[in-house]
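Undergrad: Pasting a structure here, questions to come.
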Amino acid sequence: FANPQSLKHFISIAKSCNAVVLSRASPAQKADIVTLIKKDDPSNITLSIGDGANDVPMISVADVGIGIFGKEGVNAAQAADFAIYQFKFIWDLVLYHGRFNYIRNS
């Protein structure tokens, strides 16, 4: 963002949302958005989901990265903290494994 006022406005909108979805953004722009959210409030936990090489920078910057094996290759899955074969498996990953991780850490 060239304009600091636009940046502040974007961050305030993003923080009021449950999720931020990016499309038609370059790999650097995706990583920048994750970095901006983390810098604004270090207590924010970021999760990035990607399925191709163009998502690797975003996955690397996020606190938790999920890579999906797919038509675009395995780059995202190799760079991620967790790798799955289909998008529908995110539900199981977050609810099942997330809950047990929460129980283990409490």
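Undergrad: Considering the values (i) 10.4; (ii) 6.4; (iii) 7.4, which represents mean projected area of the Cα convex hull in nm² as calculated for the structure under consideration?
TA: Answer label, from the structure shown: (iii).
Undergrad: If you count the DSSP beta bridges with both ends in the chain, what percent of them are antiparallel, to the nearest 5?
TA: 10
Undergrad: When the Karplus curve 6.51 cos²θ - 1.76 cosθ + 1.60 is applied with θ = phi - 60°, which whole-Hz ³J(HN,Hα) does each residue of segment 86-103 get, with x for Gly and Pro?
TA: Ordered by residue, 3J(HN,Hα) equals 9, 4, 5, 7, 4, 4, 5, 4, 6, 6, 6, 6, x, 5, 5, 5, 4, 5 Hz.
Undergrad: Another one. Can you show me the helix-derived [θ] at 222 nm for the chain, built from DSSP H runs with n ≥ 4 at -39,500 (n - 2.57) apiece and divided by the number of residues, rounded to the nearest 500.
TA: Value at 222 nm, helices only: -12000 deg cm²/dmol.
Undergrad: To test your reading of the geometry: what angle, between 0 and 90 degrees and rounded to tens, separates the Cα axis of helix 4-15 from the longest principal axis of the chain?
TA: 30
Undergrad: Let me ask you something else. Out of the trypsin sites (Lys or Arg not before Pro) in segment 1-83, which ones are loop residues according to DSSP with at most 13 other C-beta atoms within 10 Å?
TA: Qualifying residues, ordered by number: Arg24, Lys71.
Undergrad: Specify the residue with the greatest mean-square fluctuation among Ile49, Ile33, Ile13, computed from a Gaussian network of the chain linking alpha-carbon atoms under 10 Å apart.
TA: Comparing Ile49, Ile33, Ile13 in the GNM, the peak value goes to Ile13.
Read-outs throughout are calculated quantities, based only on the coordinates presented, and are distinct from any laboratory measurement. All figures in this text were calculated on a predicted structure; none of them were measured in a lab. With ideal geometry, Cβ positions are generated from the backbone for all residues, glycine too; neighbour counts draw on all protein chains shown.
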